[in-house]
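Asks: This structure is in structure tokens; I'll ask about it shortly.
The values are calculated or read from the model by the stated rules, or taken from the named source; none is laboratory data. Since we're looking at a predicted model, the values are computed, not measured. Here Cβ is always computed from backbone atoms with ideal geometry, including for glycine, and neighbour counts include all displayed protein chains.
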Amino acid sequence: MENADVFMGLHDFLERMRQPSAADFVKSIKSFIVSFSNNAPDPEKDGAAVQEFLANMEAAFRVHPLWSGCSEEELESSGEGLEKYVMTKLFPRVFASHPSDVKLDDQLFEKTALIQQFIRPENLDIKPTFQNETSWLLAQKELQKINMYKAPRDKLVCILNCCKVIGNLLLNASIASNENPPGADEFLPVLIYVTIKANPPQLHSNLLYIQSYRQQSRLVAESAYFFTNMLSAESFISNIDAKTLSMDEIEFEKNMESARALLSGLSADWDGQSDQSDRNAADVSTAEHVDPKHSSFNVSNDGDSATRDPLSVTKTPSLSDLENKGAIMLLKEDMVSQVFRDYPYLFAHVGDLTIDNIEDLLNNYKQLVFKYVCLFKGMGAIPSPLPSSQTQKLQHRVVTDKEPGDTRSVEPNDDSKEHTREDDGSNKVPLLQEDILESKLPQDEAFSAQGGGNDETSQ
């Protein structure tokens, strides 16, 4: 189903579930979810139970009048819709539900965070011909999206997109250098390197989740190949040592210790800033309730403060201060062009952009706004929203640009929101309590396995 319009399949599935003749299906699905959720977590039994339920339901679809005359593609779409619905509802119950998986997630994330501080492509025997760290950033971004979604297929698509970007880049590099087409020996080391640099949280749990709850009949062919490579990458990283990195043991340990010191220092700096911000907020709160005549900020006869405001010494720098400091550092170090080469749209003009750039630009915008708001919140300030006129125009575009029947959520990564439909007055069964299948799917057609790839990949 990798080439089908999966979103429309979900929409079709939902519409069928609204029909009166689907009442038994609705009842069975809701009953399974409630019963499953009430049982204690058991990873082995849970996966088998879900697989069996999904297979039985799909078999029932095939002989039901609602799907009479449907093509195989339409039946596949309904199966995808069923899987997405069921697993989105069960996600809080089954994802990282076992303490051992949580522990492995933490260990893998911490080890990867250390290794990414010093690893180089040469450590994985990646040929200079195939080294392209700037373009690999796109593959990293695709893999880092894996926690934005809850359905197994959506998470798998993030892995597939990551792998397709890598395969595209390797193929282009081999063509440019007149070498043989790259195989597994060239692909896997790059995937390992990209995974280390991306270091998505809960990677182990994500892979286990896909393995357990993605319908086995669909985890085949290209999907199975790339997913198996990702499992191999996880295993390699978990067992990484000096030998696997073609590095001297003493050098490896020295690099690990340096990485620990670096990350510990960053953590200490962050904790210190957080503590200081909390103290400053407390001081401000206290100062607001102090009687002015007893305040320590009274001015003495010589015009100086009798007791200096402690905030004037330990004041948290403003965003403007931080921006100015960073700009000065960039100019002094003559690194402007080097730093901004990782942001391909910064110097682009309107005429340079294509329709294929919209999704990536939107994702970049959302990440930028999120970081912007977090910075303001961390400083105890209030971020400035878009002017109301611009917000209204944006909302108007979002509504008017939707096609009839398009129920996608405005936020592509918000699988947990409940959506409601207006009653059209017909005799239809409530759509599984108007649940949560409306989120946008990751686009698995975004990257072609042939040719030069999309605009960003080829940059």
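Asks: Does the stretch 189-197 contain any residue that is surrounded by fewer than 19 Cβ atoms within 10 Å (Cβ to Cβ) and either outside any loop (DSSP other than H, G, I, E, B) or aromatic (Phe, Trp, Tyr) (or both)?
Replies: Yes, some residue in the stretch 189-197 is surrounded by fewer than 19 Cβ atoms within 10 Å (Cβ to Cβ) and either outside any loop (DSSP other than H, G, I, E, B) or aromatic (Phe, Trp, Tyr) (or both).
Asks: Looking at PHE32, PHE25, PHE13, which one is buried (at least 18 other Cβ atoms within 10 Å of the Cβ), within 20 Å of TYR209 (Cβ to Cβ), out of contact with any His (no Cβ under 6 Å at 6 or more places or on another chain) and not small (Gly, Ala, Ser)?
Replies: Result of the check over PHE32, PHE25, PHE13: PHE32.
Asks: Can I ask one more? Filter the stretch 131-173 down to residues that are part of a helix (DSSP H, G or I) and small (Gly, Ala, Ser) and give me whichever is surrounded by the most Cβ atoms within 10 Å (Cβ to Cβ).
Replies: ALA139
Asks: Restricting the search to the stretch 96-112, which residues are among the polar types (S, T, N, Q) and either surrounded by fewer than 17 Cβ atoms within 10 Å (Cβ to Cβ) or not in a helix (DSSP H, G or I) (or both)?
Replies: Residues satisfying the conditions are SER97, SER100, GLN107.
Asks: For the stretch 57-73, enumerate the residues that are surrounded by 12 or more Cβ atoms within 10 Å (Cβ to Cβ) and either over 25 Å from GLN19 (Cα atoms) or of a type outside the set (Asp, Glu) (or both).
Replies: Within the stretch 57-73, MET57, ALA60, PHE61, ARG62, HIS64, LEU66, TRP67, CYS70 meet the criteria.
Asks: Any residue that is touching a Leu at 6+ places or on another chain (Cβ under 9 Å), part of a loop (DSSP other than H, G, I, E, B) and not aromatic (Phe, Trp, Tyr) - is there at least one of those in the stretch 82-95?
Replies: no
Asks: Could you look through the stretch 20-45, keep only residues that are outside any helix (DSSP H, G or I) and more than 28 Å from the chain's Cα centre (by Cα), and pick out the one that is nearest to ALA96 (Cα to Cα)?
Replies: Selected residue: ALA40.
Asks: In the stretch 226-241, which residues are without any contact (Cβ under 8 Å) to a residue 24 or more places away in the chain and closer than 21 Å to GLY47 by Cα?
Replies: The one that is without any contact (Cβ under 8 Å) to a residue 24 or more places away in the chain and closer than 21 Å to GLY47 by Cα: THR228.
Asks: Given (1) crowded, with 19+ Cβ neighbours inside 10 Å; (2) modelled with pLDDT of 95 or more, identify the lone condition not met by THR228.
Replies: Result: THR228 passes all but (1).
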